[in-house]
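So the structure is just underneath, and the comments pick up after that.
The numbers here are math on the coordinates, done by the rules we state, and not lab data. Being a predicted model, the structure only gives us computed values, none of them experimental. Counting neighbours? That spans all protein chains shown, and the Cβs are built from the backbone with ideal geometry, glycine included.
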Amino acid sequence: MPNLTMQEFFNCLIRKDDGTDEYLKNQSELIIQLCVDIKLLTSQNNQNAFRMANNLYLFSQQLRDQLNLFNTAVNQQDVSCYRDLLREKVNQLLNRLKDFDQQFGWSEFPDWINRQSQGKYNIFISIIFRDCMDNNETPLIDFAIITAIAIERQAVCQAFNMTDKDRVNRQTRTYWRKRLPLQDGKYYEIVVAQLPDMAGVSAALLVNDTIQHWNPDAMLLVGIAGAASKGQHLGDLVIASDVYYYERGKLTPDGKKPEPFMYKADALLWGRVSAVADWTAPIPVARPDGTQERPKISYGVIASGEKVIADAAVRDDIAAGQRKIQAVEMEGYGFSAAIWQSFERVRHLVIKAICDLADSSKNDEWQEYAAAVAAGFTKHFLLDQPLEPRNRELT
């Protein structure tokens, strides 16, 4: 029996489905048991967690009813109908469990998987983990880093010591894959990808493909952006608490009525990056202004749209829509929307460095430096080990 952590088990549970009725029934039973135990083990002192745990329990009883209908179905038409309904309920509950994980984590259930492995689920749990390891490239991917343009991807590859020998093709996509050593013999397995086009739709499509190809534990959008506030200077870093999509709206005879939309960063990664250790590592590209000034790190909102902004009036109009906007770019919305709307709902964060002021002075002079800043900070953040590495020896 593999020595699983709760997080490893849950990662496998949401990934593995061999399509058989036996698996679906066992999966349903195990999910129901998990929801029951979550309700029992969640402290009532945490009202939000307890309320969510109770809702999970109530939803699991609906899953139980659907499972009973599937188990007692006789004719093939009923079996097929109840199978589809059961699988739909399973997916809905897995999404709710993933929300619980993202908000509260599995820290309160360290022994759950070990207790279950002693009982009737022992064989099923072993099959889940073994098949996940057998049916996917090992080791499992911890972080997928998405970049928009070549200068960003090259900076990330340089930061993580990736070369052309690290390229891996998956269907129509090309990735760079490398291991990042951590302390105590641990490591992160990382893949890097570049958009074919600098746009939100391209970002969304690449995110979807990356999730399907690698099922990463977390995804980072890393690169460059334009400044959207007077407090930002060339070369500074902006970490997105939210991505603000400013393009939505209604066109009327009186003009455009904006209907902006915001996607929040993953709560756990946001907490980790907000408390990251001081970054003092050298930046491999010289500042174009010839100074030795270190980049300032800001935490706030990044505006995202479908246009390159090179007009101060347009920039200021966008920034006026949300007082915490620090930067403006083009890929964050597609990146965030694709993750939030995916079944997997992987952890995610946007890390950008300022390369221009989004006004008439816009040029490429600071792009290489800004890309190196974003890539260097990203490596520093990962070396701080924000997530538990997924890969470990089985005992």
### Helix-only mean residue ellipticity at 222 nm for the chain, each DSSP H run of n ≥ 4 adding -39500 (n - 2.57), per residue, nearest 500
-14000 deg cm²/dmol
### Query
What list do you get for E189, E329 if you sort them by fewest beta carbons within 10 Å?
E189, E329
### Query
Label-point separation (nm) for Q292 and D197, each offset 7 Å from Cα along Cα-to-Cβ?
4.6
### Query
For the residue pair K165 and E22, what label-to-label distance in nm results when each label sits 7 Å from Cα along the Cα-to-beta-carbon direction?
4.5
### Query
Just how far, in whole angstrom, is segment 78-107 from segment 335-379 if you go by their alpha carbon centroids?
33
### From phi via Karplus (6.51, -1.76, 1.60), per-residue ³J(HN,Hα) for segment 187-194 in Hz, x at Gly/Pro
7, 9, 9, 10, 10, 10, 9, 10
### Summary
Ordered by fewest other Cβ atoms within 10 Å, a rough proxy for footprinting exposure, C81, C355, C157, C35 read C81, C157, C35, C355
### Message
Which of N169, N55, N363 ends up with the largest GNM mean-square fluctuation for the chain, with Cα atoms connected below 10 Å?
### Response
N169
### Task
With 29 Å as the limit, write out which pairs from K186/K352; K178/K362; K89/K178; K39/K186; K25/K98 have Cα-Cα distances beyond it, or answer none.
K178/K362; K89/K178; K39/K186
### Query
On alpha-carbon atoms, Rg over Rh for segment 299-395 using Kirkwood Rh?
1.06
### Query
Assuming R0 = 41 Å, what is the FRET efficiency of Q385 and N71, from their Cβ-Cβ distance, to the nearest 0.05?
0.40
### Query
What does the convex hull of the Cα atoms of segment 143-383 come to per residue, in Å³, rounded to a whole number?
129
#### Entry: Zero-based 10 Å bins, Cα pair distances in segment 180-297, whole percents
9, 27, 37, 21, 5, 1, 0
### Message
Can you tell me what share of the DSSP beta bridges in segment 143-383 is antiparallel? A percent to the nearest 5 is fine.
### Response
45
### Query
What number comes out for the charge environment of V243, summing +1 per Lys or Arg and -1 per Asp or Glu over other residues with Cβ under 11 Å away?
-1
### Query
Gain in length, L182 to A267, computed as 0.36 nm per residue apart minus the alpha-carbon separation, to one decimal in nm?
28.3 nm
### Summary
Footprinting proxy, K250, K89, K186: sorted fewest to most Cβ within 10 Å, the residues are K250, K186, K89
### Summary
Here the FRET efficiency for T280 versus V36, based on Cβ atoms and R0 = 56 Å and rounded to 0.05, is 0.70
### Message
Around S361, under 14 Å between beta carbons, what's the net of Lys plus Arg minus Asp minus Glu among the other residues?
### Response
-4
